[in-house]
1. Could you work out how far apart the two model spin labels at B:Ile682 and B:Leu314 are, taking each label as a point 7 Å from the Cα in the direction of the beta carbon, and quote it in nm?
2. Place a point 7 Å from the Cα of B:Arg236 along the Cα-to-Cβ direction; which residues of the range A:34-52 have their backbone N under 18 Å from it?
3. Highest first, please rank the peptides B:80-92, B:644-656 by the mean number of other Cβ atoms sitting within 10 Å of their residues.
4. Around A:Ile15, under 15 Å between beta carbons, what's the net of Lys plus Arg minus Asp minus Glu among the other residues?
5. Go ahead and estimate [θ] at 222 nm for the protein assembly as shown from helices alone: -39,500 (n - 2.57) per DSSP H run with n ≥ 4, summed, over the residue count, rounded to 500.
6. By how many nm would the segment from B:Asn83 to B:Lys47 lengthen if fully extended, with 0.36 nm per residue of separation less the alpha-carbon distance?
7. For chain B, find the longest principal axis of its Cα atoms and tell me its angle to the long axis of helix B:674-698, 0 to 90°, nearest 10.
8. Would you compute, for the Cα atoms of chain B, the largest minus smallest coordinate along each principal axis and list the three values in descending order, in whole Å?
Amino acid sequence: MKLTIADLKRGQRGIIKEFTDDTIPLKLLEMGCLPGNDVELVQIAPFKDPLYLNINGSHLAIRKETALKVEIELVE
Amino acid sequence: MAKQINVALIGNPNTGKTSVFNHLTGLNQQVGNYPGITVEKKEGICKLPRGLKAHIIDLPGTYSLNASSLDENLVIELLLNKNDKDYPDVAVVVSDVENLKRNLLLYTQIKDLGIPTILVINMADRMELKGISIDIDLLEERLKTKIALVSSRKNTGIEELKELIINYGRIPTEPCLNASSIDPEYFDRLRKAFPNQSLYKLWLVITQDVNFGNLNRKEINLTQDFLPKKKSELKRLQQKETIARYQFINGVLKETHTVDINAAKDLRAKLDRILTHKVWGYVIFFSIMLLIFQAIYDWSSYPMDFIDMAFAELSEWSKNVLPAGVFTNLISEGIIPGLGGIVIFIPQIAFLFLFISLLEESGYMSRVVFLMDKIMKRFGLSGKSVVPLVSGTACAIPAVMATRNIENWKERLITILVVPFTTCSARLPVYLIIIALVIPDERFLGIFNYQGLTLMLLYLLGFGMSVFSAWVLNKIMDIKGKSYFVIEMPDYKLPMFKNVAINVVEKTKSFVFGAGKIILAISIVLWVLASYGPGDDFNNAEAVVTQEYGNSLSEEEFNKHVSSVKLENSYIGIMGKAIEPAVAPLGYDWKIGIAIVSSFAAREVFVGTLATIYSVGSDDEKTIKNRMAAEVNPILGGPLFNFASGISLLLFYAFAMQCMSTLAIVKRETNSWKWPALQLFIMSGIAYVAALAAFQILK
């Protein structure tokens, strides 16, 4: 099983590896969600969606369905 | 006179761009619309040292030059079109010191356009707190520009920025990275096909849906010897471009920028933990909403009573001072009460805009979006729909425009369709006066005022109806679209007084003047219709009254009957009588019927209309409220405005689609008459049925 942002627990960090499909919105890339950058799960909204992330110092929130498309590698 | 320097202010949202704009221009600014579209255009004049001046345009906030909305299109079109009169001599890119990396993406794109570009690093006052240090000289060298370190909160760095603007000629115009390296072969072909055009501009025209000058995408693709790429390939290239830009930025910042991670960053985390908590988050959100509505009702009642009295006195005074005649009557019975009907709502509207701008400035609104997304999604809306729904409490027009950042078309369309159910400020006048007439001014448990609670219930009803109809629409509409959702979570900031104040003044002013014009015009028309009549009964009202009552009446009573006969036989009386059968089952008389019909132009006309009709009908000086309280129901007897008819009216105004401007905006945003027509008929139908049911049950 490949890990994605959606698998992170609160406070856990990872490094973005790649996107699982091409439909990833350009806007997400522009906001700093790029391969090689680091990502931390800051907060999960009530009802488990959306996810509040800190990607390389940029704070943003995305829905789980998008998070599932971003593969990561865990940082211990 | 020296030439004005054209300056374009550009930046990501949440960088304090507007504060910088406010500092540069002071109150010397105006807000208009771009021709043909409804995007707000903010421009102002900035006085520079040595007698020079700059004309500054505050462009809509954008994360990049890859347009995904109308607002962003506009930024690109201005920057690409050298013939535009606003084409900048110099671009000022505003960035936030804490988000420099992301902000610089836009900077590198602007730089590639060959416009002299100054970089403003804003919020410099937070550097120490966040442990950030920057080697400005080295950064200037790497980015090939001049940098102004500004703190709009502490008002530092603005003079330095002005100096840089004056000397814009010294700023290099070469790009800071080579974007064509993402696909050298393709860009080479492009260069050969259009030797005279800037390569990056061509690239933007190809990838965006914009035109500039005489060049457009179709022509480029049809040019011989140039092999266009498929859409998916272009998208891949755009991703590659973004990555290349970030690589460059990462490299530059590594050399010039250090952050001491031990520096405090607790406040944000602590606040986030509470404000987005699964219980406290909602409790806090609803408490804030409750506080706002109580405040709007309680705090503004004092200035409102004062304004109501003042206009009643002004009307009386003008009648006494001016020579008697038609013109004086027009002023004292038509224009002054009509104007009073709009001025009276300034306190409330100002309070409402004050709270909304505080919520947005502080960064709290994004947390609400985050908190509500999952719930709203269930109803076919997006978390981002919360912003239009909340700002819809001010006015549906900006709210419909605020839906532009919702990425999914279906969610956006549903939001547009249901936003007019939220209680906009134009409904407030109607609610307030009806509530004051039919709901007792007493307290519940000694704290909550019944009138305030009723108002709160009406707001909840508006939201409830929006959400419910969204749910229905989501079930019946079959639109598929790619859905995604990205929102920035900005840091918390203490709202800046100056920004909030300017915002409140601007918004209130445009409400008063925008609505004021319609109200004034309608007041005059109504006064004319109420003061003249076609038949004999109108002209011989005295004779009619004498015939009916003989000479038994006192002079005062006689006059009262005469004016009421006149009003009933005036043009407006005849029209009102014609529609009375339709409104009588709802508990209204023909005068309210007329007020409702004229409200279809704009709701806030209601009170002004009644004020005009009643003031033509009575000679006593009284406030609008007292006059309404004295009206008698022609069929049932008793006060016309009682609990049953009052609730019926409140429900009618809560649901009916009575605003031509909103319909026009919806047409423009959805590009079809189908949706506004649907709103007009469905909403007004619901309103009629609800009002009918309420009156028949309660009477």
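1. With each label point 7 Å from Cα toward Cβ, the separation is 4.2 nm.
2. The answer is A:35.
3. Values: B:80-92: 16.8, B:644-656: 24.3.
Put in order of decreasing packing, that is B:644-656, B:80-92.
4. Numbers: positive: A:Lys2, A:Arg13, A:Lys17; negative: A:Asp7, A:Glu18, A:Asp38, A:Glu40, A:Glu71, A:Glu73, A:Glu76.
So the surrounding residues net to -4.
5. Numbers: 34 runs with 425 residues, N = 775.
About -17000 deg cm²/dmol.
6. Values: separation 36, 0.36 × 36 = 12.96 nm, distance 2.49 nm.
Length gained, B:Asn83 through B:Lys47: 10.5 nm.
7. 40
8. Largest first, chain B extends 100, 61, 53 Å along its Cα principal axes.
The values are calculated or read from the model by the stated rules, or taken from the named source; none is laboratory data. On a predicted model such as this, the values are computed, not experimentally measured, just so you know. Every residue, glycine as well, gets a Cβ built from its backbone with ideal geometry; the counts of neighbours run over all protein chains shown. The protein model used for the area step is the full one, side chains on, heavy atoms only, and it has no ligands, DNA or RNA in it. Shrake-Rupley method; radii C 1.70, N 1.55, O 1.52, S 1.80 Å.
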